[in-house]
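Report on the structure given below.
Quick note: the coordinates plus some simple rules give every number you see, no bench work behind them. Keep in mind the model is a prediction, meaning the values are calculated, not measured. Note that we place each Cβ from the backbone using ideal geometry, even for glycine, and neighbour counts take in every protein chain shown.
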Amino acid sequence: MTTLYYFDKGEFGQWQDKMSCRLLVMLDVFRHLIDSPVSISDHPSSLGRYLGKNSQSAHNVDVWGEVLAVDCFVDNAKTSRSVQDIVDCAIMLGFTGIGIYPEWVNNNGELQCGFHLDIRPTRKPGDPAKWGYVGGKFTDIKTALAALDDRDNIRINNGWSGKLA
């Protein structure tokens, strides 16, 4: 595994040997630039997945041969402005898939905005796929950012385990 400054291989669990070196270096530089701790989600699907040949998910090792995506939390992601700054940094660094999830529950069991960051080869750096996920539905980033400003409107879906899906 690539030597990193801000992460150790244990944080990548069973996927440490399948992690894309490019993704790991980008994640490490991302952590440095945002100057805030980044925690890999402890959900079992937050890194790699075996989804068969028909799923183009950047998590899908069956298609890409390595893990190209990470679901994580950034400590200072508290407001829509801070989340927008984090998204802008991810775009600047060249991540090609960026999702924000205002309703995720972090590794400490607290409601916190989560991030999906990937290096999907189907998009070019500077022009990433971007999305949000609010109220059980995929949406645009702007709508997801608005949900952060009004936490009273955030609801956790019935039957949702409180962890990443």
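Take the Cβ atoms of residue 62 and residue 88, set R0 to 41 Å, and the FRET efficiency comes out at 0.80. Computed over the chain, the per-residue total of -39500 (n - 2.57) for DSSP H runs of n ≥ 4 gives a 222 nm mean residue ellipticity of -7500 deg cm²/dmol, rounded to 500. Extension gain, residue 120-residue 39: 0.36 nm per intervening residue step, less the Cα-Cα distance, totals 27.1 nm.
Under a 5 Å amide H cut-off, with hydrogens placed 1.01 Å from N, residue 19 pairs with 67 among residues at least 5 apart or on other chains. Note that region 100-113 has calculated 3J(HN,Hα) couplings of 10, 10, x, 9, 6, 10, 6, 5, 9, x, 9, 4, 7, 5 Hz, one per residue in order, obtained from phi through the Karplus relation 6.51 cos²θ - 1.76 cosθ + 1.60 (θ = phi - 60°); glycine and proline are x.
The relative contact order of the chain comes to 19 percent, based on Cα pairs under 8 Å that sit 6 or more residues apart. Each listed q (0.16 Å⁻¹) maps to a log10 I(q)/I(0) for region 41-120, found by the Debye formula over equal Cα scatterers with no solvent: -0.61. Residues in region 107-124, backbone N under 19 Å from the label point at residue 139 (7 Å along the Cα-to-beta-carbon vector): list them, ranges by number please. Output list for this probe position: 111-116.
Residue-wise HN-Hα couplings along region 11-28, as the Karplus relation 6.51 cos²θ - 1.76 cosθ + 1.60 with θ = phi - 60° gives them from phi, are 5, 9, x, 5, 9, 4, 8, 10, 6, 4, 4, 4, 4, 4, 5, 4, 5, 5 Hz; Gly and Pro carry x. Over all Cα atoms in region 11-148, the spread is summed up by Rg and Dmax: 13.9, 38 Å.
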